[in-house]
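Taken together, the values in this text are just the output of simple stated rules run on the coordinates, not laboratory data. Note that this is a predicted model, so its numbers are computed, not measured. For neighbour counting, all protein chains shown are included, and Cβ atoms are generated from backbone atoms with ideal geometry for every residue, glycine included.
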Amino acid sequence: MELAKQLALDQYATHINPQKVRVLKAAGLDIIESRREGVWVYDADGRRLLDCFTSAGSFNVGRRNSEIVSAMHEAVDRLDHGNFLLCSREKAELAAKLAEISPGNLSCVMFGTGGGEAVDFALKLARGATRRPRVVHTVNGYHGHTGFALSAAGRDAYRLPFEPLMPEFVKVDYGDLDAMAGVIDSNTAAVLVEPIQGEGGIRVPPDGYLRGLRDLCTDSGALLVLDEIQTGFGRTGTWFACEHEGVVPDIMTVAKSLGGSMVSISATIFTEELREFLIPNPFIHLSTFGGSDLACVVALKVIEIIESTGLVEHAADMGIMLHSGLSRLQGEYPEAILEVRGRGMMAGLKLADDSMGPRLSYSLSNHGVLAIYSGNEPSVMRIMPALVIEPAEIDFLIEALSGAIGDMLSGKGPAVEDGGRVRRRPQR
């Protein structure tokens, strides 16, 4: 198995991205996934790891959930992707279900294949419906790497190689209502934010922030666009994170966990009022594989499982247990953990410096946990297991974190070079 794993890594490095392989190896994340089950994943060498990355929150109902697998098998026996230009029963049923579970008056849907595509359409819709150019987004926000979404990237490193990008994108600090108020005007089409920043370091905004954004948008005629791609479908202990403040956006994007770990699907959900823009322009946005018939069957089963198992409520309960354990660890290791962040099953540990994120990923892999630090804030370790996690598995996670932090502080694991780069220590 070791030879097969090395072959896969070598082929990936040769034909896809050698530097990515180097970085993953340095952080102990040179894992080739083999068996996947529930909250667990197995490396090609047979190691079992508790998956606390879950592809940034894509596996809410667990990896290879047996009901999802069965639904997909049944769908494959009778369906294919479908003809994207035609109407389909599967698309219609999923759109109606998304309208039913979405907050407030969000009742219309455009399907895509991934989160970036969903954000792209959201911003196209906002500009087209308002006939305004400006889009306001936030520092360290993350919305994908495609056209409009890339223009709203909150990290300069993602955008600079490709500039000039879309014009009239304005960036302000996350959580700062005064900064928002200073740039929202009669030219603003949309304000785009995550209810909780994911790649930005699991940052929960101050109480009243989303409500304040809603008021600013309503007063100015701008549209509030909430990116719920990581936070949606129970991740924070409610169906959607905006429900913690009782805020209804004009447009909401979802993806990741909607695919049940099996398919790629996203959706942009918006009001009937905004749908009016599409009536004279019915083919203004098309996606060949967006909302394929197969993907819609899987997504419908995902929602059914969340509803029938009380998974949102379970996530809220497990979140209390998780955050209690993380707070205990902060008390035990104050020199390492500066802050426990998050809500529900979306948690982050703010560590003392940027080097600790990669180092803790390395140490956690040695303790049976797959976890990856935040891309836009490497000092924050993300903890986002599948929502089907049980108390015994949370106990395992807290114990593993304790051991890994102890190892990191004792100097075990990779060394840190000048500039914050991480390299493996030589074997003795």
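Where both bridge residues fall in the chain, DSSP classifies roughly 65% of the beta bridges as antiparallel.
Placing unit charges on the Cβ atoms of the charged side chains and taking the dipole of the chain about its Cα centre, the candidate lying farthest along the positive direction among Ile305, Tyr42, Leu3 is Leu3.
Taking the number of Cβ atoms within 10 Å of each Cβ as an exposure proxy, the fewest-first ranking of Asp207, Asp215 is Asp207, Asp215. The modelled label-to-label distance between Leu160 and Ser402, using points 7 Å beyond Cα along the C-beta direction, is 4.3 nm.
In the neighborhood of Phe59, defined by Cβ-to-Cβ distances under 10 Å, what is the net charge if each Lys or Arg adds +1 and each Asp or Glu adds -1?
+3
With both labels modelled 7 Å from their Cα along Cα-to-Cβ, the Asp219 to Glu307 distance reads 3.9 nm. For Lys25, the lysines whose Cα comes closer than 28 Å to its Cα, not counting residues fewer than 8 places off in the same chain, are Lys5, Lys256, Lys350, Lys412. Overall, region 66-308 carries a charge dipole of about 440 debye about its Cα centre when +1 sits on the Cβ of Lys and Arg and -1 on the Cβ of Asp and Glu, all other atoms neutral. Every Cα-Cα pair of region 169-311 was included, and the share exceeding 20 Å stands at 54 percent. In a fully extended conformation the segment linking His81 and Asp353 would gain 93.3 nm over its present Cα-Cα distance, using 0.36 nm per residue. Could you give the angle, 0 to 90 degrees to the nearest 10, between helix 293-308's Cα long axis and the longest principal axis of the Cα atoms of the chain? Compared with the principal axis, the helix lies near 70 degrees. Net charge in the neighbourhood of Val247 (other residues with Cβ under 10 Å of its Cβ; Lys, Arg +1, Asp, Glu -1) is -1.
Dipole size of region 242-389 about its Cα centre, with +1 on Lys/Arg Cβ and -1 on Asp/Glu Cβ: approximately 500 debye, rounded to the nearest 20. Counting only other residues whose beta carbon sits under 14 Å from that of Glu393, what net charge do I get with K and R as +1, D and E as -1? Here the count lands on -4.
Residues whose amide H lies under 5 Å from that of Ala44, counting only those 5 or more places away or on a different chain, are Ile32, Ser34; hydrogens are built 1.01 Å from N in the peptide plane. Computed over region 136-244, the P(r) tail beyond 18 angstrom holds 46 percent of alpha carbon pairs. Can you give me the Rg/Rh ratio for the chain, using Cα atoms for both radii and the Kirkwood formula for Rh? Rg/Rh: 0.96. Angle between the Cα long axis of helix 115-130 and the longest principal axis of the chain, 0 to 90 degrees, nearest 10? For helix 115-130, the angle is close to 30 degrees.
Candidates Thr218, Gly198, Pro164 compared by Cα position along the dipole of the chain: farthest toward the positive end lies Pro164, with charges placed on Cβ.
With respect to the chain, whose longest principal axis is taken over its alpha-carbon atoms, helix 356-366 is tilted by about 70°. Over the residues of the chain, the helix contribution to mean residue ellipticity at 222 nm works out to -12000 deg cm²/dmol, using -39500 (n - 2.57) for each DSSP H run of at least 4. Calculated FRET efficiency, Ser55 to Arg131, Cβ-Cβ distance, R0 = 35 Å: about 0.40 to the nearest 0.05. Extents of region 66-308, largest first, come to 55, 38, 36 Å (Cα atoms, principal axes, whole angstrom).
Annotation: peptides 173-181, 255-263, 188-196, ranked by per-residue average of other Cβ atoms within 10 Å with the highest first, follow the order 188-196, 255-263, 173-181.
Of all aspartates and glutamates in the structure, those lying under 15 Å Cα to Cα from Lys20, and not within fewer than 8 positions of it along the same chain, are Asp10, Asp30.
What FRET efficiency would be calculated for the residue pair Ser70, Glu272, taking the C-beta separation as r and a Förster radius of 30 Å, to the nearest 0.05? Could the numbers behind the result be given before it?
On the way: r = 35 Å, r/R0 = 1.17.
Efficiency, from the Cβ-Cβ distance: 0.30.
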